[in-house]
1. Taking the condition in a loop (DSSP other than H, G, I, E, B) and closer than 25 Å to residue 119 by Cβ, does residue 82 pass?
2. I'd like to check something: does the range 89-104 contain any residue that is in contact with a strand residue (DSSP E or B) (Cβ under 7 Å, 6 or more places away or on another chain), touching a residue at least 12 places away in the same chain (Cβ under 8 Å), more than 23 Å from residue 5 (Cα to Cα) and within 15 Å of ligand 2 (Cβ to nearest atom)?
3. Would you point out the residue of the range 47-88, among those that are farther than 17 Å from residue 17 by Cβ and touching a residue at least 24 places away in the same chain (Cβ under 8 Å), that is surrounded by the fewest Cβ atoms within 10 Å (Cβ to Cβ)?
4. Consider only pairs whose beta carbons are under 6 Å apart and that are at least six residues apart or on different chains; among these, list those whose first residue lies in the range 27-38 and is touching a residue at least 60 places away in the same chain (Cβ under 8 Å) and whose second residue is within 7 Å of ligand 1 (Cβ to nearest atom) and not in a loop (DSSP other than H, G, I, E, B).
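All of the numbers you see were taken from the coordinates with simple rules; none came from a lab. Remember, predicted model here, so these are calculated numbers, not experimental data. Don't worry about glycine lacking a Cβ; one is built from the backbone with ideal geometry, like all the others, and counts go over all protein chains shown.
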Ligand code: SF4
Ligand code: SF4
């Protein structure tokens with residue numbers, strides 16, 4: 001299998017996402033930027049081989065978290081921040097979907113009120129494209145698979161509530 005040039009891959013991904021956002025307005029107005037109000041114990045999970053200038057901590061599963069103080073250079077923010085509150089989930093055959101990231105259900109008002117949201121179709125299309133690029137790499141596919149399991153778990157919890 002061809003070796004992935006991760007630097008090139010993330011450059012391409014960031015170009016696809018560009019300045020696209022989930023809504024055509026600044027969704028931070030809905031919640032005063034709740035997803036950027038973590039503390040130094042929380043962080044955004046970096047994708048495999050994704051580089052970041054932010055402080056890196058390791059999870060118990062040896063995955064990397066980028067830690068921020070609620071501010072960052074927007075042009076360098078992690079991929080997780082760029083696609084939140086959506087995620088490119090995959091099925092067992094590697095088919096890519098775009099789902100709300102239910103792991104953030106207690107943070108992001110757009111998740112609870114998704115049916116009232118006028119999501120930006122260009123953003124959703126871009127997240128799908130990103131998923132289709134990631135799924136071609138074995139490590140990234142495994143990463144998407146793990147996250148899909150977590151998102152499904154939180155989705156089930158939200159449905160059972
Ligand atoms: S929590 Fe949701 S609505 Fe608020 S800024 Fe983050 S993505 Fe936008
Ligand atoms: S890295 Fe930037 S966009 Fe991401 S949570 Fe921190 S402040 Fe928000």
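1. Working: in a loop (DSSP other than H, G, I, E, B): no; closer than 25 Å to residue 119 by Cβ: yes.
It is false that residue 82 is in a loop (DSSP other than H, G, I, E, B) and closer than 25 Å to residue 119 by Cβ.
2. yes
3. Only one residue fits best here, namely 71.
4. Hits for this filter: 30/109; 31/109.
Residue-by-condition table, conditions (1) touching a strand residue (DSSP E or B) at 6+ places or on another chain (Cβ under 6 Å); (2) within 12 Å of ligand 2 (Cβ to nearest atom):
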{"position": "11", "(1), (2)": "no, no"}
{"position": "14", "(1), (2)": "no, no"}
{"position": "19", "(1), (2)": "no, no"}
{"position": "25", "(1), (2)": "no, no"}
{"position": "30", "(1), (2)": "no, no"}
{"position": "35", "(1), (2)": "no, yes"}
{"position": "38", "(1), (2)": "no, yes"}
{"position": "44", "(1), (2)": "yes, yes"}
{"position": "53", "(1), (2)": "no, yes"}
